[in-house]
Structures are given as C-alpha cells and as structure tokens.
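Q: Here it is: the structure, laid out below.
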Amino acid sequence: MLMNTYSRENISTKNYVIPSKYKQDEAIVSFDSPYSLKDLGLGQSNSDVAPERFIDQQVFNIRLVNSEKKREKASLLVNKKYSWRGYSVDERVKINPNRITLIAETEGKVVGTLTLCLDDTNTKLPADENFGDKLEELRSQNRKISEPSRLAIDDKAPKRVLAALLHIAYIYAHNIHGCTSWIAEVNPRHSRFYKRMLGFQEMEKERTCTRVCAPAVLLTLDLAYMAEQIKKLGGLMEQYGKEKSYYPYFFSSYDERGITKRLKAGGN
C-alpha cells in the first residue's frame, strides 16, 4: 500500500504519494484506490448513493499534459464521453499557455482529464462565447476568474480520480495564479451534481452552448469557499461518512501545501 510509504523523497498522507521533487514528465501525485464497476460520476446519477463493486486496488497518477501523445489520449477520452451523451465535440487538446490540461491514468490508460482555462484579455475563456456578459460582470467586480473545462471521467473511475483532478486544478488556479472564482458551463441536468458535491451556485439560467450544441447554465464557485472545505474535510475520504460532497476525497491541507510548493518550484 502506498499509504505506508514514507521517506525523505516522498510525502505520504493516507494513500496519496507526493514526490518531493517534481519534473514535468513525472506524476504530480499518485494514489491507490479500488477500481469500481460503477461509481458516482459527472451527471450520471441523481441519487445520493451510487452502488459500487470493487475489483482491485490500482495505482492512479495525475499528470500534466505536455506531449502530443498525452494530448491525443486526453482528446480521445473527451470525444468518447461527450459523443456518448450526444454532444458535438470535434476539438483536440491544443497547446496554449493559458490552458493547463491534466490527465489521470492507470496502467497506461487515461481514465480522466480536465483542462483549466485561465482568463486572458486576448483569448478570453470558453464560456465567454455564450455567457460573455455575465463574465464581464465578474471582471468588473475585480474577480479573477478561471474555468475548469473539458472534464471527462471514465465510468469505472473511483471518486478519488475526479477529486484529485479538481484539487490539482484548484491549486493551479488559486494558489499559483491567484484566481478568486471558478465559472463553469454545464448541462442543466448536471448542475445539481456541481451544486451538491462542490458548492457551485447558478449565475445565469439556460442558454445554448454553441460549442457542443446543447443547453447549458452558468455556474460560479468562490474559491475561498473551496479552500474552507478542503481545510475542513480534505483527506478524510471514506472515514467521513455523513458528508455528501466530494471534499473528503480531496488532498489534505498538508498535502496541498507540498504540491503547491513543488509546482511553483517547477515553474508551472
């Protein structure tokens, strides 16, 4: 078990392993978790509890997408999951200094991906295409916004995979780039998941998302609230049985500080 690995070169809390020295081709963080036949994923269930049948412990790695091969794998998963829901997606993950793409992989297979889009006066955010007026309201309030986008999770991936991707994206957004808010375009059917599991709030009612030819609502999340939840619940995992959100599956505040320090030192 990785949870029992301690040394000068590794910091481990529960079953997360965070190398003390980070290089771009290495995993940002690794952890082991049961790989389930069914789990609660993005917009897949309206119930509070999803049944699970655990197969085996597997090691998952969260990595930064910094090569053509990784970009191709991330794009394949996005296209697979979005097409399955009937969305029209033909974009590939592209190189952009204001886009940070992460992948979760196990045994060479990509089982999750998320792209964090940083706000920029030249490129703007994806949500500007359909909710630009609302984003300008946030900017006028001196909110520094960013947008988690192109989220795709394998149906079998455990909760910890989604939580790890979101937490690393949060670290990049809040701790490294000083963002104060997240905004997200989501299908109205999936908005309940984001509100209950992460604390997003609805900012604007349904419009058409022209990129995927589907309805979308605009949600926003104060990253100060996210910080509070991570401090309170991060790292508790299954031990905190009464909590319905995803925050117990995030890293602990201690691990977050270690990840932030290494990513800053690595120039990311």
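Q: Residue by residue through segment 120-133, note down the ones that are assigned to a loop (DSSP other than H, G, I, E, B), under 19 Å from residue 217 (Cα atoms) and free of Cβ contacts under 8 Å to residues at least 60 places away in the same chain.
A: Correct list: 124, 125.
Q: Just one of 136, 147 is surrounded by fewer than 20 Cβ atoms within 10 Å (Cβ to Cβ) and free of Cβ contacts under 8 Å to residues at least 40 places away in the same chain; which is it?
A: Details: 147 fails: surrounded by fewer than 20 Cβ atoms within 10 Å (Cβ to Cβ).
When all the criteria are applied, what remains is 136.
Q: Okay, moving on. Check residue 159 against each of (1) surrounded by fewer than 16 Cβ atoms within 10 Å (Cβ to Cβ); (2) in contact (Cβ under 8 Å) with a residue 12 or more places away in the chain and name the one condition it does not meet.
A: Failed condition: (1).
Q: Could you grab me the full set of residues in segment 210-268 that are among the aliphatic types (A, V, I, L, M) and within 22 Å of residue 175 (Cα to Cα)?
A: If we filter segment 210-268 for residues that are among the aliphatic types (A, V, I, L, M), which is where we start, we get 212, 214, 216-219, 221, 223-224, 226-227, 230, 233, 236-237, 259, 263, 265.
The answer is 219, 221, 223, 224, 226, 227, 230, 233, 236, 259, 263, 265.
Q: Looking at segment 194-203, which of its residues are among the charged types (D, E, K, R) and touching a residue at least 24 places away in the same chain (Cβ under 8 Å)?
A: Listed by number, the residues that qualify are 195, 196.
Q: If you don't mind, another one. Can you tell me which residues in segment 206-255 are closer than 22 Å to residue 29 by Cβ, modelled with pLDDT of 95 or more and among the acidic types (Asp, Glu)?
A: Within segment 206-255, just 228 meets the criteria.
Q: Would you check if there is a residue in segment 122-144 being within 22 Å of residue 29 (Cβ to Cβ) and modelled with pLDDT of 95 or more? Quick ask: steps written out before the conclusion?
A: Here is the first cut: in segment 122-144, the ones within 22 Å of residue 29 (Cβ to Cβ) are none.
Within segment 122-144 (the criterion being within 22 Å of residue 29 (Cβ to Cβ) and modelled with pLDDT of 95 or more), the answer is no, since none of the residues qualifies.
Q: Is it the case that some residue within segment 99-116 is part of a loop (DSSP other than H, G, I, E, B), within 29 Å of residue 238 (Cβ to Cβ), modelled with pLDDT under 95 and of a type in the set (A, V, I, L, M, F, W, C)?
A: no
Q: Right, here's the next one. Does segment 204-239 hold any residues that are free of Cβ contacts under 8 Å to residues at least 60 places away in the same chain, surrounded by fewer than 16 Cβ atoms within 10 Å (Cβ to Cβ) and not aliphatic (A, V, I, L, M), and which are they?
A: If the condition is that a residue be free of Cβ contacts under 8 Å to residues at least 60 places away in the same chain, surrounded by fewer than 16 Cβ atoms within 10 Å (Cβ to Cβ) and not aliphatic (A, V, I, L, M), then 205, 206, 215, 222, 225, 228, 231, 232, 238, 239 are the ones that fit.
Q: Name, by its number, the condition in (1) assigned to a helix (DSSP H, G or I); (2) of a type in the set (Gly, Ala, Ser); (3) surrounded by fewer than 18 Cβ atoms within 10 Å (Cβ to Cβ) that does not hold for residue 169.
A: (3)
Q: Now a separate question. Would you check if residue 94 is modelled with pLDDT under 90, farther than 29 Å from residue 160 by Cβ and not in a helix (DSSP H, G or I)?
A: no
The values are calculated or read from the model by the stated rules, or taken from the named source; none is laboratory data. Just so it is clear, the structure is predicted and the values come from calculations on it, not from any experiment. Every residue, glycine as well, gets a Cβ built from its backbone with ideal geometry; the counts of neighbours run over all protein chains shown.
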